[in-house]
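Here, each number is a calculation from the coordinates, and none is a lab measurement. Just so we're clear, the structure is a prediction, and the values are computed from it rather than from any experiment.
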C-alpha cells in the first residue's frame, strides 16, 4: 500500500525494475512541471494492463490524472487525449506484452501522425503479471511457463521497429539508472512529437536479466548494456540503424528528428480552412 492511497493494495516483486522507472518518471514529471510552470495535474498518464499499469496508482506526491485503459490500447487513448487537449503533457506507460503484442498494430499509425506524447515502455521479456508467459521480446529458445520446451518464434527487436515506423524520438536505457533515465524521459516530454523511451526493466520473479544487462565478473558474464558514444549523431538515420545493429542494449539517445506534429498540422488546417457564419451561409445560396 502507499501512503497516498492506503486502500489500494499494489504489488511489485522485490527488486522489480519498475521501481526504478517509477522514480525516474516522478523526477521527470517534477522537472517538467517546474520548468514549464504548470500544475502536476496538467500531466496525464495512460496505462494498459500489466505490471506497468500500476504506475498510474503508485506515483508519490500530488497525483497526475491517470487513465488505466484496456490491454494494448494505450496509444489510441493517448492520441485522443493529446489531440483534444494539447495543453496537457500526455504520457503512456506500458510493458512489452501490452505495447508490442496486441498493441503493436497502433504504433505505425501513431508514428505517422507524430502526436505530442511520451511513451515509456518497460521491457522485461515476459508477461509478468500473468505468471511469466513468453512475450514478443522473449529470446528465441527461452523457457517460460507458456513455452516449456523453448520459444520457437523469433525475438522482436523493438528499437528496429520504432525506427522503421518513423518514431521521431527514440531512446533506450535500463531501470538501474533512474537519474539518467529521468533525463531521457524529460527530453522526450519536451520533444515536439512522438517519443518512445524503451526501458529494460527486469522481472526478478520470471526473467531476472540484471546480470545479463550489467555483467557479472563472478559468473563470467560480460554484460549486454553499453553506453552510446558521444560522437553518435541521433539525427542520422543510418547511424541509428548501425547503432541498433551492434547488438546488445544501447543506453542513450538513438534517434531524433522533428517533423511536423499532427497538432501543428491541425492548427494550420483550422486557420486556413475556417469560415465565418456569413461564408458558410453564402455557400448554400444560389
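For the chain, the longest principal axis of the alpha carbon atoms and the long axis of helix 18-35 meet at an angle near 30°. Across region 84-210, Cα-Cα pairs more than 17 Å apart make up 58 percent of the total. For region 18-260, what does the relative contact order come out to in percent, with C-alpha contacts under 8 Å and a separation of six or more? It rounds to 18 percent for region 18-260. Can you check how the C-alpha radius of gyration of region 1-159 compares to 2.2 N^0.38 Å, as a plain ratio? Here the Cα radius of gyration is 1.08 times the empirical estimate.
Quotient of the Cα radius of gyration of region 187-227 and 2.2 N^0.38 Å, N being its number of residues: 1.62.
Across all directions, the average projected area of the convex hull around the alpha carbons of region 40-104 is 3.9 nm². Note on region 35-61 and region 125-182: Cα centroid distance 22 Å, given to the nearest whole angstrom. For the chain, the longest principal axis of the alpha carbon atoms and the long axis of helix 262-273 meet at an angle near 10°.
Taking each DSSP H run with n ≥ 4 as -39500 (n - 2.57) and averaging over every residue of the chain yields -9000 deg cm²/dmol at 222 nm. Within the listed set 260, 192, 178, the Gaussian network model of the chain (springs between alpha-carbon atoms below 10 Å) gives the highest mean-square fluctuation for 260. For region 174-253, the equivalent ellipsoid derived from the alpha-carbon gyration tensor has semi-axes of 25, 17, 11 Å in decreasing order.
Considering only 96, 264, 18, the Gaussian network model of the chain with Cα springs below 10 Å gives its largest mean-square fluctuation to 264. Taken over the alpha carbons of region 18-260 as equal point scatterers, the Debye sum produces base-10 log I(q)/I(0) values at 0.10 Å⁻¹ of -0.43.
Tell me the relative contact order for region 45-109 as a rounded percent, counting alpha carbon contacts under 8 Å between residues six or more apart. It would help to have the intermediate numbers written out before the result.
Values: 98 pairs, mean separation 27.6, N = 65.
42 percent.
Largest GNM mean-square fluctuation among 183, 34, 26, using the chain with Cα springs under 10 Å: 34. For region 211-286 versus region 64-88, the inter-centroid distance based on Cα atoms is 18 Å. Just need the relative contact order of region 215-284 here, percent rounded to a whole number, with Cα pairs under 8 Å and 6+ apart. Worked out over region 215-284, it gives 25 percent.
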